[in-house]
Amino acid sequence: MKIKKRFTVAAEPDRIWAFITDPEQVAPCIPGCKEVVLLSPGRYRALIAIQVGPIKASFAGVAEVREERPPDFAEYVIQAEEGGNASRLSAVAKLTITKLAGDDCEVSCLAEVNINGRLGKFGAGMMQKIADNLGDKFADAMRVALQKQQPRSLHAQLPVTDKPKKDVLSLLRRLIRAIMGS
C-alpha cells in the first residue's frame, strides 16, 4: 500500500530538518507513540499504539536511516511487530522538504507499506483512511510544536533512553529474528 502525505509548515528547511531528525521533538507528534529509544546513530526503536476499527494494537518497531541528504531528503526502513506475531509491518518511507515562497516549506512523505496478520486483513481503503487520519494528526502536532518552539523539557512525558528495558529488549530480539528470518 502506498501512503502519500503532503503538508505545509511555516519554517525554514534547516529548522524542520532539525525537528524531524530529533526523536525527542518528533515523537510526541506521532499519534500513539509511547517511547523512542536510540539504538545507535540513525537507528531507533519505537513503541506505538494504534486502533484500526475495533482492533487495538501496540507495535514495537525499528526505524533505520537508509539515506540522508540534509536538509531536504531522508529515507527510512521500518520493521515493526505486534506482540505474538499478530501483525507485522514493513515500510520504506521517503521524506522530502521543499522550500516554498516566503517562510513556508512543503513536507512530503511517501511510504510503501506492507502489513501482514490481523491488521493486514482490513481493506486497503480502510487502511488508507486511517493512515490519512494519522498523517493529519502528525502534521497538525508538528506545526503546533514548531510554532510554539517547545523547549525539550516539555517532552518529559515521553522517555527517550539509550538503555532498553529488559522486557523490551526481549521483544526487540524477537523482532530482529523475525526480520532476519523473513
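Values computed for the structure shown
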item: Nearest-0.05 FRET efficiency for N133 and F73, computed from C-beta distance (R0 25 Å); result: 0.45
item: Pairs from K34/K121; K2/K34; K34/K129; K5/K137; K2/K121; K4/K148 whose Cα-Cα separation, in the structure shown, is over 20 Å; result: K34/K121; K2/K34; K34/K129; K4/K148
item: Order of exposure, largest accessible area first, which applies to D140, D14, D104 with probe 1.4 Å; result: D14, D140, D104
item: Where L146, L134 fall by accessible area, highest first, once all protein chains stay in place (1.4 Å); result: L134, L146
item: Karplus (6.51, -1.76, 1.60) ³J(HN,Hα), θ = phi - 60°, over the stretch 50-67, in Hz, Gly and Pro reported as x; result: 9, 10, 10, x, x, 9, 9, 9, 10, 10, 9, x, 10, 10, 10, 6, 8, 8
item: Cα centroid of the stretch 50-125 to Cα centroid of the stretch 5-33, whole Å; result: 14
item: With every protein chain in place, the stretch 1-146: carbon and sulfur % of accessible area (1.4 Å); result: 55
item: Stretchable slack from E64 to A49, in nm (0.36 nm times residue separation minus alpha-carbon distance); result: 3.5 nm
item: Probe 1.4 Å, protein heavy atoms only - accessible area per residue of the stretch 1-157 in square angstrom; result: 52
item: Chain lengthening between A101 and N114 when straightened (0.36 nm per residue, less Cα-Cα); result: 1.1 nm
item: Extension reserve of the L39-K4 stretch, reckoned as 0.36 nm per residue once the Cα distance is removed; result: 9.8 nm
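The values are calculated or read from the model by the stated rules, or taken from the named source; none is laboratory data. Computed from a predicted model, the values in this text were never measured in an experiment. Using ideal geometry, Cβ is built from the backbone for each residue, glycine included, and neighbour counts are taken over all protein chains shown. Each accessible area value is taken on the protein alone, full model and side chains, heavy atoms only, with ligands, DNA and RNA left out. Shrake-Rupley method; radii C 1.70, N 1.55, O 1.52, S 1.80 Å.
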